[in-house]
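The values are calculated or read from the model by the stated rules, or taken from the named source; none is laboratory data. Keep in mind that what you see is a predicted model, and the values were worked out from it rather than measured. Note that each Cβ is placed from the backbone with ideal geometry, even for glycine, and that neighbours are counted across all protein chains shown. Surface accessibility is based on the protein's heavy atoms, side chains included, excluding ligands, DNA and RNA. Shrake-Rupley method; radii C 1.70, N 1.55, O 1.52, S 1.80 Å.
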Amino acid sequence: MYDPRFDQLARVLVRHSTKLQKGESVLIELFDVPDEMGIALIRATRQAGGIPFLQIHRARISRELALQVEEDQLATSSALELTRMKKMQAYVAVRGSHNITELSDVPEEKMRLVAGKLRPVMDWRINKTKWVVLRWPTSAMAQQAQMSTEAFEDYYFRVCAGFDYARMAKAAEPLVALMDRTDRVRITGPGTDLRFSKKDIPTKACTGDRNIPDGECFSCPTRESVEGHITFNCETLYRGTVFNNIKLEFKQGRIFSGVADSPATTKKLNEILDADAGARYIGEFAIAFNPFIDRPMKDILFDEKIAGSFHFTPGQAYDVYGNGNKSQIHWD
């Protein structure tokens, strides 16, 4: 049965998030998402005068491809995808998941190979297109949120499609100004004492134009200024593995020690942090303020927006930073 909330969400993504204009091409990527949402996005794109292109992904098929993927295969795939991305003015990705740990048994070296080879495609998309990425409400997400499927769907569409992001953008202006004029930052709390500089690094308010749901102001430390330690107090799901109680210690900006809640997850954590030369440096410091998101649910796109929280991100520094840290990972 068609849900009118699909059309409401599609209009937000097309008209607010990407601000699609007449004649612009948009790549719509759907990951385990109902066909009806794809139809809603195609219709919203055409109503705005845009040109829709669609690609459909399935997590189980993506896992099978990744298990034994080879470098030559990825090089060909990356070249094809980059050629296509260069013809797009906008990008919309709606990502569902029936099993949040579908990729947990893909070897880390294969995940690293995929991320590295496809990095040019992501860099072009992030820096050269108007883009937005969001999750899709599935039973797996409802379980993560410890809610019934129906209650979580109602919550999801209220936060994603019914929120006044224009009002949020106006309300975020004072925080942007404060962060922009800040040089030295210190953050203290249980298991945490961080010190760093963000001098002359600009701040970006994210209010529905990059992620849905949204609500954060992000910037970045100067690359080698971070000192001290941080203990993260909520679980995080990354590359198919759930991590808890991560503690990172820094010297001259670099993570020299990283531990998690078990020997297995500590090993996996350090494999990720050893992905490349930039993975042990911080690519983002952000303060979040979405009033509807008040507790973690092991989903980064929601958890990084928890009102009153901050995140401290190993890996790639995004658009506002110019020649900032480079890495194939970006772990909020």
Cross-link list LYS22/LYS305; LYS204/LYS298; LYS87/LYS130; LYS117/LYS247; LYS247/LYS267; LYS204/LYS251: which exceed 21 angstrom alpha carbon to alpha carbon?
LYS22/LYS305; LYS204/LYS298; LYS117/LYS247; LYS204/LYS251
Determine the equivalent ellipsoid of the chain by diagonalising the alpha-carbon gyration tensor, then write out the semi-axes as square roots of 5 times the eigenvalues, largest first, rounded to whole Å.
30, 24, 21
Only Cα pairs under 8 Å and at least 6 apart count here; give the relative contact order of the chain as a rounded whole percent.
13 percent
In Å², and per residue, what accessible area does the stretch 1-41 have when probed at 1.4 Å with the other protein chains present?
45 Å²
Estimate the FRET efficiency between SER197 and ASP154 by the formula 1/(1 + (r/R0)^6), using the beta-carbon distance for r and 30 Å for R0, to the nearest 0.05.
0.10
Net charge within 14 Å of ARG223 by Cβ-Cβ distance, Lys/Arg positive one each and Asp/Glu negative one each, not counting ARG223 itself?
+2
Where the accessible area of the stretch 132-235 is counted over protein heavy atoms with a 1.4 Å probe, how much of it, in %, is carbon and sulfur?
48 percent
To the nearest 0.05, the calculated FRET efficiency linking LYS87 and ARG43 through their beta-carbon distance, R0 being 30 Å, is 0.90
Which of the listed residues, PRO137, TRP124, TYR165, is farthest toward the dipole's positive end in the stretch 101-181, when Lys, Arg count +1 and Asp, Glu count -1 at the beta-carbon?
TRP124
Theoretical ellipticity at 222 nm over the chain - DSSP helices of four or more residues, -39500 (n - 2.57) apiece, nearest 500
-10000 deg cm²/dmol
Dimensions of the stretch 192-332 along principal axes (Cα, Å, largest first)?
37, 33, 27
Centre separation in Å (Cα based) which lies between the stretch 130-174 and the stretch 93-116:
23 Å
GLN68 neighbourhood, Cβ < 13 Å, K/R = +1, D/E = -1, net charge -4
Enter the accessible area per residue of the stretch 117-186 (Å², integer; probe 1.4 Å; all protein chains in place).
53 Å²
Have a look at the stretch 133-179 and give its Rg and Dmax from the Cα atoms, expressed in angstrom.
14.6, 40
Assuming a viscosity of 1.567 mPa s and a temperature of 4 °C, what translational diffusion coefficient in µm² per second does Stokes-Einstein assign to the stretch 1-106, Rh being the Kirkwood radius over Cα pairs?
86 µm²/s
Work out Dmax and Rg for the stretch 200-278 from the C-alpha atoms and quote the Rg first, both in angstrom.
14.7, 39
If the chain between LEU65 and LEU118 were fully stretched, how many nm would it gain, using 0.36 nm times the residue separation less the Cα-Cα distance?
17.7 nm
